[in-house]
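Quick notes on the structure that follows.
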There are 2 protein chains.
Amino acid sequence: MTRKQTSEWSAACRSFIEAGGHTTQLFGLGRILGQLYGLLYLSPRPLCLDEMVHELKVSKASVSTTVRQLERWTAVKKVWVRGDRRDFYEAETDFNLLLKQGVLATLRKKLETAGVQIAKVETALQAAHANGSRNPDSEIIVARLKKAKQFHGQIQGLLGNPLIEHLL
Amino acid sequence: MTRKQTSEWSAACRSFIEAGGHTTQLFGLGRILGQLYGLLYLSPRPLCLDEMVHELKVSKASVSTTVRQLERWTAVKKVWVRGDRRDFYEAETDFNLLLKQGVLATLRKKLETAGVQIAKVETALQAAHANGSRNPDSEIIVARLKKAKQFHGQIQGLLGNPLIEHLL
DNA sequence: AACTGTATTCAGTTTTCACTGAACGATTTT
DNA sequence: AAAATCGTTCAGTGAAAACTGAATACAGTT
């Protein structure tokens, strides 16, 4: 990537990087995220910011923020290069690790906030009940909320299940 | 919902519906999607479009498109009401079924298109190789692409794994 | 201390996307 | 056949998100 290379090879690499961008965009993450990870994934050596800027033809600001986002997800890590004060990054190539620490972790967090929402509704419901309010459909509503809560707990348990980690 | 009811109960329902909107928004899906499903989920009887419009205070266009989106995910289904030519919808209350047929199915589809991307890169890579192009980093690139492809296959297998369905 | 090379932040711009209003088409009722 | 009732489609709007250029901050060098 950093050296000049035959057009065929670089074409294949560009194709991979572009595919990465498409994929992340497909999942609602940005375009650059996938491109950047793809670039680092194929690179045989760590790259500094300006190299990434040059390869992807995007602004330095985008690279700076996106690479740190990838770092938070443990998808890339910063590496030291002796005698160079620039920041170099390389990709974490273990996808399984990445899936566990990155994707599943954020999924759990979102599930958590969803649980908070359910809890809120529960208090509202208890308030209605304690208040002596009567409603012909009360049983149905209570039952369905209960079911929703159970499902939430089930999914949380599933994501915490060591079996999942074992499958990866 | 359709009948008048005490303020406490409707407050709890509105809270649930709002929570649904928050949750779907959290996952990158629209706000209305979650609200609409929440409304139908709590409703003891099927609702027609105008009832949903009235409850959620959104446009009929939004309800029309969103409810069909939910239908594609088998999250709701259209039901016939005798002597009424309007379309009525009710929620699928089995979350497990919903997860399998809805979420996992779309996930598989996205994985599929990602696989197409990888295949494209592979042909580009073979072209480079057949062309006799030389590159010092070729082994690394080939190896990493292979690894990526393996991972893709692994995930596809995991989503097709009957064990997953069993866990739900 | 001034300067150079680096990364980060921030205000502004472009793009994307959920959502709407109004027009349309289809079907039923008068 | 005219009117009424529904559902869908489509161009447009507003807001949020992605992305950029320029300013800033920071560390090392002269």
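The values are calculated or read from the model by the stated rules, or taken from the named source; none is laboratory data. Remember, it's a predicted structure, so these values are computed and weren't measured experimentally. Glycine gets a Cβ as well: all are built from the backbone with ideal geometry, and neighbour counts include every protein chain shown. With ligands, DNA and RNA removed, areas are computed over all heavy atoms of the protein, side chains included. Shrake-Rupley method; radii C 1.70, N 1.55, O 1.52, S 1.80 Å.
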With respect to A:Val53, is the statement that it is open to solvent by less than 70 Å² (accessible area, probe 1.4 Å) and outside any helix (DSSP H, G or I) true? no
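Conditions tested, residue by residue: (1) in contact with a helix residue (DSSP H, G or I) (Cβ under 7 Å, 6 or more places away or on another chain); (2) acidic (Asp, Glu); (3) assigned by TED's automatic domain parsing to the domain that holds B:Arg31.
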site: B:Arg68; (1), (2), (3): no, no, yes
site: B:Val81; (1), (2), (3): no, no, yes
site: B:Lys100; (1), (2), (3): yes, no, no
site: B:Ala114; (1), (2), (3): yes, no, no
site: B:Ala128; (1), (2), (3): yes, no, no
site: B:Lys147; (1), (2), (3): no, no, no
site: B:Pro162; (1), (2), (3): no, no, no
Is it the case, given these coordinates, that A:Arg72 is surrounded by fewer than 21 Cβ atoms within 10 Å (Cβ to Cβ), touching a Gly at 6+ places or on another chain (Cβ under 9 Å), free of Cβ contacts under 8 Å to residues at least 12 places away in the same chain and basic (Lys, Arg)? yes
Within the stretch B:138-159, take every residue that is in contact (Cβ under 8 Å) with a residue 24 or more places away in the chain and not β-branched (Val, Ile, Thr) and give me the one that is most open to solvent (accessible area, probe 1.4 Å). B:Lys149
From the option list A:Ala114, A:Ala128, single residue qualifying as at pLDDT below 95, buried (at least 17 other Cβ atoms within 10 Å of the Cβ) and within 30 Å of A:Gly20 (Cβ to Cβ) is A:Ala114
Hey, which of the helices (runs of 4 or more DSSP H) in the stretch A:58-147, taking only ones fully inside, have at least 3 residues that are within 16 Å of DNA strand D (Cβ to nearest atom)? A:60-72, A:105-130
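Would you mind stating whether B:Thr123 is exposed (fewer than 14 other Cβ atoms within 10 Å of the Cβ) and within 14 Å of DNA strand C (Cβ to nearest atom)?
Numbers: exposed (fewer than 14 other Cβ atoms within 10 Å of the Cβ): yes; within 14 Å of DNA strand C (Cβ to nearest atom): no.
Answer is no for this residue.
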Inside the stretch A:24-57, can you point out the residues that are away from DNA strand D (no atom under 13 Å from the Cβ) and aromatic (Phe, Trp, Tyr)? A:Tyr41
Name the residues in the stretch A:14-37 that are assigned to a helix (DSSP H, G or I), under 15 Å from A:Trp73 (Cα atoms) and without any contact (Cβ under 8 Å) to a residue 24 or more places away in the chain, would you? A:Thr24, A:Gly34
